[in-house]
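Just below is one structure, and these are the notes that go with it.
The values are calculated or read from the model by the stated rules, or taken from the named source; none is laboratory data. On a predicted model such as this, the values are computed, not experimentally measured, just so you know. Neighbour counts are summed over all protein chains in view; Cβ atoms, including those assigned to glycine, are modelled from backbone coordinates with ideal geometry.
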Amino acid sequence: MTLEPLTAEHADAVLAFELENREYFASWIWDRGDDYFANFAAKHAALLAEQAAGVCRFHVLVDDSGAVAGRVNLVDLKNGSAELGYRMAQKWAGQGLASAAVRAIIGVAATEYGLTALWAGASDRNPASQAVLTRAGFRQVATTSTDLGPGKRFELVLEGV
């Protein structure tokens, strides 16, 4: 697997990934809705514009065939911090891909983007995601409310990572 910055060339593979895993993702996080899929080209272009503006950094995990196995994003970059979000294909669940991706993005965030802190949220309905964050060194700092009910907020200081 290769972690790559999102580009226009990833559009078809990202759409296939999202469609193939839509039901699976909706069991853990909010569904993107029909509009997302109907207007995917415009949504993808908007993400690339945000990335070009330096507001966000979007990444895909790509396998040897060019298929997207996961997405790992840093959003709302400001004051040296960003929110981490990720989603992995159902067929990769439980195989350590999310943990490896989170560890990889931590390194990229610190060295390439100069960030000093990351934060993430995870629903209590998704204990696997909470475990990924904890194993990567994030610490729980608060309880929160998510679209799917109660959750937790995690933070990681990147200095010295």
Enumerate the pairs (first residue in region 18-43 and more than 17 Å from residue 68 (Cβ to Cβ); second residue anywhere and among the charged types (D, E, K, R)) with beta-carbon separation below 6 Å, excluding pairs fewer than 6 apart on the same chain, so at least 6 apart or on different chains.
-> 30/147
Only one of (1) out of contact with any Leu (no Cβ under 9 Å at 6 or more places or on another chain); (2) closer than 26 Å to residue 145 by Cα; (3) in contact (Cβ under 8 Å) with a residue 12 or more places away in the chain is not met by residue 116, so which one is it?
-> (1)
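If the requirement is being under 25 Å from residue 15 (Cβ atoms), in contact with a helix residue (DSSP H, G or I) (Cβ under 8 Å, 6 or more places away or on another chain), surrounded by 13 or more Cβ atoms within 10 Å (Cβ to Cβ) and of a type in the set (D, E, K, R), which of these qualifies: 135, 71?
Numbers: 135 fails: under 25 Å from residue 15 (Cβ atoms).
Within the list 135, 71, the selection yields 71.
For (1) exposed (fewer than 13 other Cβ atoms within 10 Å of the Cβ); (2) within 17 Å of the chain's Cα centre (by Cα); (3) of a type outside the set (Phe, Trp, Tyr); (4) not in a strand (DSSP E or B), each residue gets a yes or a no:
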{"position": "3", "(1), (2), (3), (4)": "no, yes, yes, no"}
{"position": "11", "(1), (2), (3), (4)": "no, yes, yes, yes"}
{"position": "15", "(1), (2), (3), (4)": "no, yes, yes, yes"}
{"position": "18", "(1), (2), (3), (4)": "no, yes, yes, yes"}
{"position": "25", "(1), (2), (3), (4)": "no, yes, no, yes"}
{"position": "32", "(1), (2), (3), (4)": "no, yes, yes, yes"}
{"position": "47", "(1), (2), (3), (4)": "no, yes, yes, yes"}
Which of (1) out of contact with any Lys or Arg (no Cβ under 9 Å at 6 or more places or on another chain); (2) buried (at least 16 other Cβ atoms within 10 Å of the Cβ); (3) in a loop (DSSP other than H, G, I, E, B) does residue 64 not meet, given it meets every other one?
-> (2)
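Working only within region 107-136, note down all residues that are in a loop (DSSP other than H, G, I, E, B), closer than 21 Å to residue 94 by Cβ and modelled with pLDDT of 95 or more.
Answer for region 107-136, where residues must be in a loop (DSSP other than H, G, I, E, B), closer than 21 Å to residue 94 by Cβ and modelled with pLDDT of 95 or more: just 136.
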